[in-house]
Amino acid sequence: MMKKLLLISLSLFAVSNAFAHPGHESISASQGLLAGVLHPLMGLDHLLALIAVGVVAGLAGKRTSWSLPVCYAVIMLIGFVIAAMGVTVFSMPVVETLILSSVVLGAALILVGRRGNAYAKSGLLLGFALFHGIAHGIEVPAHVSANFFASGFVMASLAIMLLASIVVRYAPTLRRNGESQPNA
């Protein structure tokens with residue numbers, strides 16, 4: 001099992017640019033918000049990373065279940081602004097590799113479960129949030145409003161993370177007790 005996980009993890013690093021977000025080029029300027037909402041939903045790399053953040057947040061406990069996703073969204077927005085201003089810190093292949101690394105890290109932290117320091121796990125994930133924001137800032141379609149696009153992707157990203165967190169916090173308790181009390 002561990003060899004398979006390692007092989008899958010290493011194969012992710014072989015990918016250069018992840019063209020995981022097709023179809024944005026045909027969206028009109030008035031649909032910038034929709035383009036932003038669709039971006040994290042259409043890209044498997046972003047979607048898996050956001051779900052992982054939500055699951056880790058849900059496993060960490062009551063306060064972290066909402067604070068980690070909110071902090072992640074804020075840091076992601078900072079990365080977006082940096083990229084949208086044209087500041088080039090990393091090339092796109094480097095950013096995409098770091099995003100794929102965050103997916104692997106998220107999977108590893110999910111496997112760790114509730115063990116380990118929640119702050120350390122949150123810090124590791126938040127470190128990658130900046131690169132997700134940079135990728136979104138670089139990938140803004142030329143003919144849409146960057147502000148609307150950013151609003152859309154932040155709302156969708158936050159919704160994905162919070163939904164994953166809620167499912168992790170409430171689902172085990174519902175199954176076990178037939179009640180709707182969240183985990184501590």
Once residue 119 and residue 101 are pulled to full extension, the length gained, defined as 0.36 nm per residue separation minus their Cα-Cα distance, is 4.6 nm
Magnitude of the Cβ-charge dipole (Lys and Arg +1, Asp and Glu -1) of the stretch 41-171 about the Cα centre, nearest 20 debye, reported as 640
The Cα extents of the stretch 41-171 along the principal axes, largest first and rounded to whole Å, are 43, 25, 22
Going residue by residue through the stretch 133-145, the Karplus relation 6.51 cos²θ - 1.76 cosθ + 1.60 with θ = phi - 60° gives ³J(HN,Hα) values, rounded to whole Hz and with x marking Gly or Pro, of x, 4, 4, 5, x, 6, 8, 5, x, 4, 9, 10, 5
Once both label points are put 7 Å beyond Cα along the C-beta direction, the residue 143-residue 85 separation in nm becomes 2.9
Per the rule of 0.36 nm per residue minus the C-alpha distance, extending residue 126 to residue 111 adds in nm 3.6 nm
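Rule-based calculations on the coordinates, nothing more; no lab input. It should be emphasised that the depicted structure is a prediction, and the values quoted were computed from it without experimental measurement. Note that each Cβ is placed from the backbone with ideal geometry, even for glycine, and that neighbours are counted across all protein chains shown.
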